[in-house]
Structures are given as C-alpha cells and as structure tokens.
Amino acid sequence: MRPPVSFLLILSVLTGCSQRDNVLVPPSVAIDVPAPGAALNGTLAISGWALESIALVGAGAVSSVTVLVDGNRLGSAAYGNPRPDVCAAYPARLGCPNVGWSYTLNASALSKGSHTLKIVATDTTGIEGTSEVPFIAGIQPSVVIDTPVPDAKLSGTASISGWVIENINAIGPNAVRSVDVTVDGTQVGTADYGGARPDVCASYPGRLGCPNVGWSFRLNVSALTSGSHTLNIAATDTAGNTGSKQVTFLK
C-alpha cells in the first residue's frame, strides 16, 4: 500500500528532500484540442498529452487520464498515443514517447452554452495533475433571409438573399462553411456566400468573415407548382453547427 501524502510530506522534511526530489510533483497535463473558447457540436475527437513533470528514477508514470465536463466525469481517455514532439521538449520522462491522450466527446449531449473541460492525469503513486479549458457547445450560426419577405409572390428566376454570421464572438470561433437552399424539403442548390455586408458587421463586430457575410441565390420558381411554398436556408460552419431560417412565399 502506498503511504499517504501526509506521510510523504513529513518524510521529505525529515530527510531534507524537496518535492522535486520525490513523487509529490503532479503530472503535467495539456489540452491541444479544443482551443479555448471553441464552439463544439456533434461528436468530435479531443486530445492532448500528459507526462511526469520531472525526470526521476522511481517517479510514478501516468496511469490514467480522466475527462470531466463541468465537474461531471464523462469517462477515461485513451492514453499512450505517440508524441515525440512533447518528449523532445521534455526528455527522459517516463512513458515517452507515448504520452498522448485522446477522447471522443459528444458535444451534442451537452446543453447549449458555455462549459468547462477538465482533464485529470493520475500517476501510479496517486498524484493528480489537471488542465482546464472553456468551450461552447451547440451554438449555431445566425441566418437571416432579407428577400423574399414572408408571403411574397415570386415568378421566373427570382433573386433571393440574406446574411449568415457566427452567433458567438469568442477565441477560435468557427467560420461559415456552406449555405444550402431548400424548397419544400428538397435541396435546390448552394447559395453563394461572401457578399459584402458592412451594415451587418457594424451590428456584430469581431465576427469571422466580416464584412463578407452575405449570401445570394437565383431560385427557379417556374419549376414549382402554383401556390404556397417554404424556403429554408441552412448555414453550416466548420465545426458542423447548423443554423437555419424559413420563410413562405407564393408562386
């Protein structure tokens, strides 16, 4: 049985050893992905590394890496991925070069908004090292349809337009990747994205893509039946977050 930490502390005082001369120094832990403030959605891989903070004969090697969100344990990360870059910077550490960790995080299972990811690395002596990073879950882009207005009557090939912008202003937000156009549940094409909209960006400063956040599309209304139809604009960003907006129009 390993002596309790209090005993090890007393022993270090009696023997004149410092914490850097025994196993009381916690492992170093790093989170590479996600970046601080990143917006996450869906199921994605998070990763980093963990290793002993000092090179010691007889120091405890990292034995487990635990993943927590908002203080709730989600599971154990896979530990032992090769990280020669880390071990080049921190030579002679136990476990090198296999000191990387990885975990599949289901961000969709989390409530929308701000969260804290915490990684706890425990070594074979029971000493824990931790690292934390804030992130945002499930924040979709904002989508606006300027034209057509609700219940407008369209004919021929109609020009429709609007804008899409990330709904958060944070470190490392996600850029808009695509804007898809659907009529009555059937996708009819992908809108051109990147039109200049300085008016929008004046109201939402600091967002990625500004001022080029406008979208436009040429809609072939003549192929539709007479009556009411539903236009849906869905914008997806590079993290897989999707925001949408609908409007009805008439032919």
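Assorted remarks:
- Scanning the stretch 134-154 for residues that are at pLDDT 90 or above, of a type in the set (A, V, I, L, M, F, W, C) and in contact with a Lys or Arg (Cβ under 8 Å, 6 or more places away or on another chain) turns up V143, V144, I145, L154.
- Restricted to the stretch 154-251, the set of strands (runs of 3 or more DSSP E) holding at least 2 residues that are buried (at least 19 other Cβ atoms within 10 Å of the Cβ) comprises 157-165, 176-183, 214-220, 228-237, 242-250.
- In the stretch 59-96, residue nearest to I46 (Cα to Cα) [restricted to those that are open to solvent by 60 Å² or more (accessible area, probe 1.4 Å) and touching a Pro at 6+ places or on another chain (Cβ under 7 Å)]: P82
- When the stretch 67-98 is filtered for residues that are among the aliphatic types (A, V, I, L, M), farther than 16 Å from D32 by Cβ and part of a loop (DSSP other than H, G, I, E, B), the ones remaining, listed by number, are A92, L94.
- One residue stands out among those in the stretch 106-153 that are open to solvent by less than 70 Å² (accessible area, probe 1.4 Å), small (G, A, S) and within 23 Å of the chain's Cα centre (by Cα): the one that is farthest from A61 (Cα to Cα), which is S142.
- Restricting the stretch 23-42 to residues that are of a type in the set (G, A, S) and surrounded by fewer than 16 Cβ atoms within 10 Å (Cβ to Cβ), the residue that is farthest from S63 (Cα to Cα) is G42.
The values are calculated or read from the model by the stated rules, or taken from the named source; none is laboratory data. Every value quoted in this text rests on a predicted model; they were computed, and no experiment measured them. Positions of Cβ are backbone-derived with ideal geometry, glycine not excepted, and every protein chain shown enters the neighbour counts. When the accessible area is computed, the model is the full protein with side chains, heavy atoms only, and any ligands, DNA or RNA have been set aside. Shrake-Rupley method; radii C 1.70, N 1.55, O 1.52, S 1.80 Å.
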